1. Taking the conditions exactly as written (closer than 26 Å to B:GLN55 by Cβ and either more than 7 Å from chain B (Cβ to nearest Cβ) or surrounded by 12 or more Cβ atoms within 10 Å (Cβ to Cβ) (or both)), does A:VAL9 satisfy them or not?
2. For region A:2-19, state whether one or more residues are in contact with a His (Cβ under 6 Å, 6 or more places away or on another chain) and closer than 20 Å to B:GLY20 by Cα.
3. What number of residues in region A:46-79 are touching a residue at least 12 places away in the same chain (Cβ under 8 Å), buried (at least 18 other Cβ atoms within 10 Å of the Cβ) and within 17 Å of A:ASN2 (Cα to Cα)?
4. Got a sec? Which of A:THR45, A:THR79 is more than 7 Å from every other protein chain (Cβ to nearest Cβ) and touching an Asp or Glu at 6+ places or on another chain (Cβ under 6 Å)?
5. Of all residues in region B:51-83, count the ones that are aliphatic (A, V, I, L, M), assigned to a helix (DSSP H, G or I) and over 12 Å from the mean Cα position of the chain (by Cα).
6. Is it the case that some residue within region B:19-38 is in a helix (DSSP H, G or I), in contact with a helix residue (DSSP H, G or I) (Cβ under 6 Å, 6 or more places away or on another chain) and either within 19 Å of A:LYS4 (Cβ to Cβ) or not polar (S, T, N, Q) (or both)?
7. State which residue is surrounded by the most Cβ atoms within 10 Å (Cβ to Cβ) when the search covers only region A:17-38 and only residues that are at the interface with chain B (Cβ under 9 Å from one of its Cβ atoms) and touching a residue at least 12 places away in the same chain (Cβ under 8 Å).
Protein chains: 2
Amino acid sequence: MNFKAEIDVMPLPALLDPQGKAVSSNMKNIGLEEITNVRIGKHMTLFIDAKDAAQAEAKVTEACQKLLCNEIMEGFSFTLEEA
Amino acid sequence: MNFKAEIDVMPLPALLDPQGKAVSSNMKNIGLEEITNVRIGKHMTLFIDAKDAAQAEAKVTEACQKLLCNEIMEGFSFTLEEA
């Protein structure tokens, strides 16, 4: 079976996010001072071949831990759907 | 009212994504050859003060078009929830 995973990798809440801070403070320059607290991370989509959803979930978790996410600074979450 | 927006900005499907390609081809080096077609974009969260959901949606769309997304190369989608 083929699954599609949608993965979000975000800076941990306890850490500063300088890129997000820069964007937040620029919102007022474009007339959008109502927008605050921007945080920026990564969004990834991938396809995975697995015999069932549990195996797909295990593989995606392994990919996140080994390659896609630096768990010292980032956290990840994902959703799986059949493709 | 205060809303939280979750925004995904992804490279357009018609365009090559070299970062995603590099990650895809590295999956087999870490024993995850079942994973293919990785595409990498940005995930952003922000808070917005607006009088209702429709106004919040309009503001987030404006922020995406003006600052967060380069619509020549990227597309965006977002969800809103009350914070």
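1. No; evaluated as a whole, the condition is false for this residue.
2. Within region A:2-19, one or more residues are in contact with a His (Cβ under 6 Å, 6 or more places away or on another chain) and closer than 20 Å to B:GLY20 by Cα.
3. Number satisfying all stated conditions: 7.
4. Exactly one of A:THR45, A:THR79 is more than 7 Å from every other protein chain (Cβ to nearest Cβ) and touching an Asp or Glu at 6+ places or on another chain (Cβ under 6 Å), namely A:THR79.
5. 7
6. Going residue by residue through region B:19-38, those that are in a helix (DSSP H, G or I) are B:19-30.
Retained after the next criterion (residues that are in contact with a helix residue (DSSP H, G or I) (Cβ under 6 Å, 6 or more places away or on another chain)): B:30.
Imposing the further condition that a residue be either within 19 Å of A:LYS4 (Cβ to Cβ) or not polar (S, T, N, Q) (or both) reduces the set to B:30.
For region B:19-38, residues in a helix (DSSP H, G or I), in contact with a helix residue (DSSP H, G or I) (Cβ under 6 Å, 6 or more places away or on another chain) and either within 19 Å of A:LYS4 (Cβ to Cβ) or not polar (S, T, N, Q) (or both): present.
7. Looking at residues that are at the interface with chain B (Cβ under 9 Å from one of its Cβ atoms) and touching a residue at least 12 places away in the same chain (Cβ under 8 Å), I get A:VAL38.
Each reported figure results from applying straightforward, stated rules to the coordinates on display, with no laboratory input. These numbers come from a predicted model, not from an experiment. Neighbour counts run over all protein chains shown; Cβ positions are idealised from the backbone, glycine included.
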